[in-house]
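The values are calculated or read from the model by the stated rules, or taken from the named source; none is laboratory data. Computed from a predicted model, the values in this text were never measured in an experiment. A quick note on method: Cβ atoms are made from the backbone with ideal geometry, for glycine too, and the neighbour counts reach across all protein chains shown. Each accessible area value is taken on the protein alone, full model and side chains, heavy atoms only, with ligands, DNA and RNA left out. Shrake-Rupley method; radii C 1.70, N 1.55, O 1.52, S 1.80 Å.
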Amino acid sequence: MTRTDTDSPGERGPLLDRFLDRLDDFDVSHTLVTPAGVPDAVDAVASDPAVGIGLPDGLGTLPERVSTDWSPATLRTAATGVTPASFGIADYGSLVLPTTTDGVEPVSLFAEAHVAVLAADDVVPGMADALTRLGDQFRADAESAILATGPSATADMGALVKGAHGPKTVHAVVVRS
Amino acid sequence: MTPDARTAKAEHIRRVMDAEGVAVSDNTQGFNEGRYESVADLEDYEALKDEARAIKEDAIERLPDLLDRLRETVEDEGGTVYLADDAADANEYVRQVVADVEGERVVKSKSMTTEELDLNEALAADGVDVVETDLGEWVLQVADEAPSHIVAPAIHKSREGIAALFEDQFDPEESLETAADLTAFARRTLAERIVDADVGVTGANFVTADSGTMALVTSEGNARKTVTATDTHVAVAGVEKVVPTVEDLAPFIELIGRSGTGQDITSYISLLTPPVESPTLDFAADETGPASDREFHLVLVDNGRMAMREDDDLRETLYCIRCSACSNSCANFQQVGGHVFGGETYSGGIATGWEAGVEGRDTAGEFNDLCTGCSRCVNACPVGIDIPWINTVVRDRINRGGDDGRFDSLVEGLTPDEEPTGIDIQKRLFGNFATLARLGSATAPLSNWLADAAPTRALMEHVLGVDRRRALPAFERETLQDWAADRAPVVNPEREVVLFPDVYTNHVRTDRGKAAVRALEALGVAVHVPDVRASGRAPLSQGMITTAREHAEQVADTLLPQVEAGRDVVVIEPSDHALFQREYERLLDTDRYDALAGNSYELFEYIYGCLENGADPEALVDGDGHRVAYHSHCQQRTLGIDRYTEAVLTDRGFDVTTSDVECCGMAGSFGYKREYYDVSVAVGEELADQFRTAETDDRTVVASGTSCLEQLDDLLSRPSRHPVELLVPDAPDVRGSE
């Protein structure tokens, strides 16, 4: 578990604190950075080969070795998938992943490691807040989303195992403006 | 049931328990403990459950409108909705969809509804390769076994068993030992099958009418892959899965994982408004395609559900979100699992409602008796379904369709009940226990000698299915009512009560009744023990609702005038107290129920109230650090009143430790029944073990319920008694020779 916050908890505010604590509870490591620090933060946790989805404005950029020009074949062999997340849910340490035409869903799913990049300002307190926000999008634009909490897991093989069909590890890069 | 059928059933249960019992109990008890821990973290668990319940009530009420709305929404977004009347109709539709895209392989994520439909078999008949991708479901598909649990289908299989299965079926190059090895092997194997699949079939935990969004609650990521990697998505769901809005999903997402496997939330909640925007993935050609190539079919299945909606007693079943809390919190399920406590598709307490609704009464009748009405699932259910009541109602309906009644003459004189002929003779016997007890006391001790004689026990076992290994209750010649009638009245009482003389206290365990009278009198309470009909608990637990209702009416006729005269009703037996508080609501008019339930108190609840209101605690025995092991009663715990016994004993200086099990396993008649004796003892041993540890084995054993006392007496070498017997000075010395 890597946790490289430089700020003291008091400066982050209780909502972000709660979110980061809950990420910990669900075995999701995180780095808290400014947009300029995103490439290094991703570089530090992404194994090769890495594929990714370009980040929206304000969330920095991906390091060059993360290929955004992926195909089904490179997706299957990728060690790491890097994607943006729409927002976080503090009570559950959940990353809300959009399903986009450029493929956030497959890139966040097939590789053994998922790195999600999201804005520190984009954290809602609880599940009801999340569904309120999503409800309007779903009704207006027929959008979809995945609430992803921790790595994929199974207990079907006689003990709890992290890494079933989806990622075995998840890292959140939390970007402060 | 014939004697042979009882024997066969007992043997079947024994075999399953031997083969699967350890894995099932470890897993279910782990889930159950996880549930307690996880819901304790919620700010307001009860309010969240109420909210979830209200959403379901409303949705089922408005279901036809919501289905219309959902169809419009999904079709507007480019999907197709098919409302299937029954399994054959649904399967035919899915087969056609697969045929239309020339599908050769279908990958599936876990879906109970498709199990209900036997969809896999229907597709396989067309030559389609159907692959389950949930690891537990896949293990069962490879092993050709049925699920034993609605959430964790392979719960009955050990790691070693799965490893042997994989070795046998796949002859893998590497050796598979750990759970991680097995998971990695399954992931690789299934990934190959997923990437060249043509159609993805999922269930849906919820579907919102406003946006056409489905929620899939999963942890492995296989549902995500099933949808993303295939161009054609077929979601199959019962019509009851529809909720009005996206916002309505919030309480269910918060409750479902916690209630089921004790996880705050599962790894993935997929909220899909299909067709999803993700590009299509053609792994063979190594190309992605536009999302517009995606096709979506929502198959909504009736298969008996709309009729359940019209059924006042089965309707609640439709609120079920299939979380498995009722399985995991059930002491019997914890021992036997879904291969015994389950029907064609569903398992656990709520399965009776589902199977009766979608399969029929006969299927439900196969396992329905395993619900003993302990009620521990009621608080565990996130939508507050009265699961024991559904089991009772279905049992009543089964009775009415019952067997040939060829043994009826044997119990005729003992059964002045209101039931049809044909009801199982064993049920009729236990349902009329009050009559038996009256005769037993009247003819004691002769009745006890006779009942205990070996030839009698053999005959009882053969004809009535009363297991001969179980000690029978010994009837007292002098009933509690007789004893109390001769007692001098309390002078200038602080208050007056009627003490309800339940059948056991009146005829068998008169000591606890006498101790209750003495304890109350010591606190300045005048106690009347009325001549009153038995509560109706015994017939109700056999599914004899008409008889139970007649009992309830007569009890109310006797007790309500006393209540109107200002007397409180005090009840010693927790199962009767719970009956007054819970089931009488369904058996009596609202006014009469309110008056009786509102003025009835469990014995220690009442003693606690007296002490809180100024009664002198010194009138009761000083515990002086005496070490006590207490087992509270299942139904008492569901009502949350076990704390009064603990509080009073502790305040009086007793050193109290309390058991941590859902139920003792005796449950009235259940532990006497030949076919269930082994289950009952297995449940009871978990309780008994807690009172045999180094920390507890010197403690005096007390229990509130009659059944619990019988079970403990049968399993422990030291005696047990009702806790009130500790509180009165002239009771027999309980601190004696342990």
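Isolated cysteines in the protein assembly as shown, defined as those with no second cysteine Cβ under 4.7 Å, comprise B:320, B:323, B:330, B:371, B:381, B:610. Accessible area buried by the pairing of B and A, both sides summed with a 1.4 Å probe, works out to roughly 4600 Å². At a probe radius of 1.4 angstrom, the accessible area of the protein assembly as shown per residue rounds to 36 square angstrom.
Here the average projected area of the convex hull drawn through the C-alpha atoms of region B:1-105 stands at 13.9 nm². Kirkwood analysis of the Cα pair distances in the protein assembly as shown returns a hydrodynamic radius of 29.8 Å.
For the peptide B:150-162, the mean number of other protein chain Cβ atoms found within 10 angstrom of a residue's Cβ is 2.
Counts of other chain beta carbons within 10 angstrom of each beta carbon in peptide B:250-260 average 3.
For residue B:80, the residues whose amide H sits under 5 Å from its own are B:296, B:297, B:298, ignoring neighbours fewer than 5 places away on the same chain, with H placed 1.01 Å from N. Its Cα centre serving as origin, the protein assembly as shown has a Cβ charge dipole (Lys and Arg +1, Asp and Glu -1) of approximately 2240 debye. Taking 20 °C and 1.002 mPa s as conditions, region B:572-663 diffuses translationally at an estimated 149 µm²/s according to Stokes-Einstein applied to its Kirkwood radius (Cα pairs).
The 1.4 Å probe gives accessible areas that order B:65, B:134, largest first, as B:65, B:134.
Relative to one another, the C-alpha centroids of region B:696-732 and region B:616-684 are positioned 9 Å apart.
Ratio of Rg to Rh for region B:176-235: 1.08 [Cα atoms; Kirkwood radius as inverse mean 1/r over pairs]. The Cα-based radius of gyration and maximum Cα-Cα distance (Dmax) for region A:1-152 are 15.0, 45 Å. Mean projected area of the convex hull spanned by the Cα atoms of region B:618-708, taken over all viewing directions: 6.3 nm².
With the Kirkwood sum run over all distinct C-alpha pairs, region B:239-298 has a hydrodynamic radius of 14.4 Å. Two decimals is fine: what is log10 I(q)/I(0) at q = 0.09, 0.11, 0.12, 0.13 Å⁻¹ for region B:201-353, from a Debye sum with one equal scatterer on every Cα and no solvent? Evaluating at q = 0.09, 0.11, 0.12, 0.13 Å⁻¹ gives log10 I(q)/I(0) of -0.35, -0.52, -0.61, -0.70.
Kindly flag which residue pairs out of A:162/B:225; B:56/B:225; B:49/B:241; B:9/B:673 have an alpha-carbon separation exceeding 19 Å in this structure.
On the way: A:162/B:225 17 Å; B:56/B:225 29 Å; B:49/B:241 17 Å; B:9/B:673 11 Å.
Flagged as over cut-off: B:56/B:225.
The Cα-based radius of gyration and maximum Cα-Cα distance (Dmax) for region B:103-240 are 15.2, 51 Å. Only Cα pairs under 8 Å and 6+ residues apart enter the sum, and on that basis the relative contact order of chain B stands at 12 percent.
Across the residues of B:135-143, average count of Cβ atoms on other protein chains within 10 Å?
2
For chain A, adding -39500 (n - 2.57) for each run of n ≥ 4 DSSP H residues and dividing by the number of residues yields -8000 deg cm²/dmol at 222 nm. Amide H contacts of residue B:673 (H built 1.01 Å from N, in plane; Pro and chain starts excluded): B:467 sit under 5 Å, all sequence-distant by 5 or more or on other chains.
Which distance in Å, rounded to a whole number, links the C-alpha centroids of region A:158-174 and region A:92-121? For region A:158-174 versus region A:92-121, the Cα centre distance is 13 Å. The fraction of Cα-Cα pairs per 5 angstrom bin, counted from 0 for region B:52-178, comes to 2, 8, 14, 15, 16, 15, 12, 8, 5, 4, 1, 0 percent, rounded to whole percents.
As a test, work out the antiparallel percent of DSSP beta bridges whose residues both lie in the protein assembly as shown, rounded to the nearest 5. Can you show the working numbers first?
Numbers: 25 of 97 bridges.
Here the antiparallel bridges make up roughly 25 percent for the protein assembly as shown.
How much of the accessible area of region B:138-197, in percent, comes from carbon and sulfur atoms when a 1.4 Å probe is used?
Answer for region B:138-197 is 44 percent, counting heavy atoms of protein chains only.
With all protein chains in place and a 1.4 Å probe, the accessible surface of region B:605-656 carries 38 percent carbon and sulfur.
Value of Rg to Rh for chain B, rounded to two decimals, is 1.01; Kirkwood radius and Rg both from alpha-carbon coordinates. Only beta bridges with both residues in chain B are counted; by DSSP, about 20 percent of them are antiparallel.
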